[in-house]
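A.B. asks: Okay, handing you the structure first.
The values are calculated or read from the model by the stated rules, or taken from the named source; none is laboratory data. All values reported here derive from a predicted model rather than from experimental measurement. Every residue, glycine among them, receives a Cβ derived from its backbone with ideal geometry; neighbour counts consider all protein chains shown. Note: areas computed on protein heavy atoms with side chains; ligands, DNA, RNA excluded. Shrake-Rupley method; radii C 1.70, N 1.55, O 1.52, S 1.80 Å.
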Amino acid sequence: MKAIIGGTGIDKDRRFQENIERIVTKYGDAYYSVIDGILFLPRHRPGHSVPPHMINYKANIQALVDLGVEEVISIYAVGSITRRLSPGRFGLVRDFIDLAYSRENTFFDGSTREFRCTPFVEPFDRVLGAKFAKNAITSGSTLALDCVYITTNGPRLETPAEIMAYRNMGADVVGMTLGTEAALIKEAGIRNAAVAYSINWAAGLDAEGISFLEDETIERLAGTIIAIAVNTLS
């Protein structure tokens, strides 16, 4: 089976809200729907009810394992740090920096006899990412490539000084979920392509403070990305 994981903006799509089923994993429960053979998992639970630092990432990813998912496209709303991915655009994430803390970010927690250090030289699946990019271009969209995502803990947004530091570290976009989620997906052996779409400039980079895209713009952008993801996985 193949899956799409969505969060802010993305999980407003009806496919993340209709025909919801609950699965109980050894790490807790998770929620999903299956439409036309593709599994849709709202990472913040239905209704976007759980903040980033409190998501049960292990239950979400274990649910994918239990349901036989082999490929996933994970989609993230972000703030822009560089012009590689400016607000209103989307692109593929090549790498990430994880600054989140106090999270369950590994399956190797002492509850299993097996232990291994998972290589992260290539955090995301090149073949799946290339297929997504090809479908995006074929559909008439332009997308950014090779974005670096930095994960903060949340739920607060970042300070201007932090954003300046993150830019110096090589980050293009900032969000609160990818680092934790991508680590678990990789440990689970699921092929993963990460897509980021920007809804604002990060702190200190917008003269008006923090200005988010209008809801209609976000909805339209999310719809485009989901359509490409579905086409990629079909």
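A.B. asks: Filter segment 7-51 down to the residues that are closer than 13 Å to ALA229 by Cβ, in contact (Cβ under 8 Å) with a residue 40 or more places away in the chain and not charged (D, E, K, R) and list them by number.
C.D. replies: Listed by number, the residues that qualify are ILE10, ILE38.
A.B. asks: Okay, moving on. Listed residues VAL195, VAL174; which is closer than 22 Å to GLU162 by Cβ and touching a residue at least 24 places away in the same chain (Cβ under 8 Å)? Give the derivation first.
C.D. replies: Details: VAL195 fails: closer than 22 Å to GLU162 by Cβ.
Answer to the check: VAL174.
A.B. asks: Of everything in segment 200-222 that's charged (D, E, K, R) and under 21 Å from THR82 (Cα atoms), which residue is modelled with the lowest pLDDT?
C.D. replies: Looking at residues that are charged (D, E, K, R) and under 21 Å from THR82 (Cα atoms), I get GLU208.
A.B. asks: Which of the following residues is of a type in the set (Val, Ile, Thr) and in contact with a Phe, Trp or Tyr (Cβ under 6 Å, 6 or more places away or on another chain): VAL148, VAL173, VAL78, VAL72?
C.D. replies: After applying the criteria, what remains is VAL173.
A.B. asks: Need the failing condition index for ASN105 against (1) open to solvent by 30 Å² or more (accessible area, probe 1.4 Å); (2) in contact with a Leu (Cβ under 9 Å, 6 or more places away or on another chain); (3) under 21 Å from ILE228 (Cβ atoms), just the number.
C.D. replies: Among (1) open to solvent by 30 Å² or more (accessible area, probe 1.4 Å); (2) in contact with a Leu (Cβ under 9 Å, 6 or more places away or on another chain); (3) under 21 Å from ILE228 (Cβ atoms), ASN105 violates only (3).
A.B. asks: Which residues, taken from segment 117-147, are touching a strand residue (DSSP E or B) at 6+ places or on another chain (Cβ under 7 Å) and in contact (Cβ under 8 Å) with a residue 60 or more places away in the chain?
C.D. replies: PRO123, PHE124, ASP125, LEU128, GLY129, PHE132, ALA144, ASP146, CYS147
A.B. asks: On to the next question. Which residue out of ILE225, ILE185 is within 17 Å of the chain's Cα centre (by Cα), within 23 Å of ALA59 (Cα to Cα) and not polar (S, T, N, Q)?
C.D. replies: Checking each option against the conditions leaves just ILE185.
A.B. asks: Something else about it: Please work out if PRO42 is crowded, with 24+ Cβ neighbours inside 10 Å, more than 30 Å from ARG167 (Cβ to Cβ) and not aliphatic (A, V, I, L, M).
C.D. replies: yes
A.B. asks: Restricting to segment 198-210, name every residue that is in contact (Cβ under 8 Å) with a residue 40 or more places away in the chain and surrounded by fewer than 24 Cβ atoms within 10 Å (Cβ to Cβ). Don't jump to the end; show me each part of the working.
C.D. replies: Filtering segment 198-210 for residues in contact (Cβ under 8 Å) with a residue 40 or more places away in the chain gives 198-205, 210.
Answer for segment 198-210, where residues must be in contact (Cβ under 8 Å) with a residue 40 or more places away in the chain and surrounded by fewer than 24 Cβ atoms within 10 Å (Cβ to Cβ): ILE199, ASN200, TRP201, ALA203, GLY204, LEU205, ILE210.
A.B. asks: Can we say ILE55 is surrounded by 13 or more Cβ atoms within 10 Å (Cβ to Cβ) and touching a helix residue (DSSP H, G or I) at 6+ places or on another chain (Cβ under 6 Å)?
C.D. replies: Judged against the criteria, ILE55 is not a match.
A.B. asks: Suppose the filter is of a type in the set (Gly, Ala, Ser) and open to solvent by 20 Å² or more (accessible area, probe 1.4 Å); does GLY37 pass it?
C.D. replies: Spelling it out, GLY37 is indeed of a type in the set (Gly, Ala, Ser) and open to solvent by 20 Å² or more (accessible area, probe 1.4 Å).
A.B. asks: Just to be sure before I move on: is ILE225 surrounded by 20 or more Cβ atoms within 10 Å (Cβ to Cβ), closer than 26 Å to ASP36 by Cβ and either of a type in the set (Lys, Arg) or modelled with pLDDT of 95 or more (or both) in the structure I sent?
C.D. replies: Against the criterion (surrounded by 20 or more Cβ atoms within 10 Å (Cβ to Cβ), closer than 26 Å to ASP36 by Cβ and either of a type in the set (Lys, Arg) or modelled with pLDDT of 95 or more (or both)), ILE225 qualifies.
Residue-wise test of (1) over 30 Å from GLY204 (Cβ atoms); (2) open to solvent by 20 Å² or more (accessible area, probe 1.4 Å); (3) hydrophobic (A, V, I, L, M, F, W, C).
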| residue | (1), (2), (3) |
| --- | --- |
| PHE115 | yes, yes, yes |
| THR118 | yes, yes, no |
| LYS131 | yes, yes, no |
| LEU145 | no, yes, yes |
| THR151 | no, no, no |
| ILE163 | no, no, yes |
| ALA182 | no, no, yes |
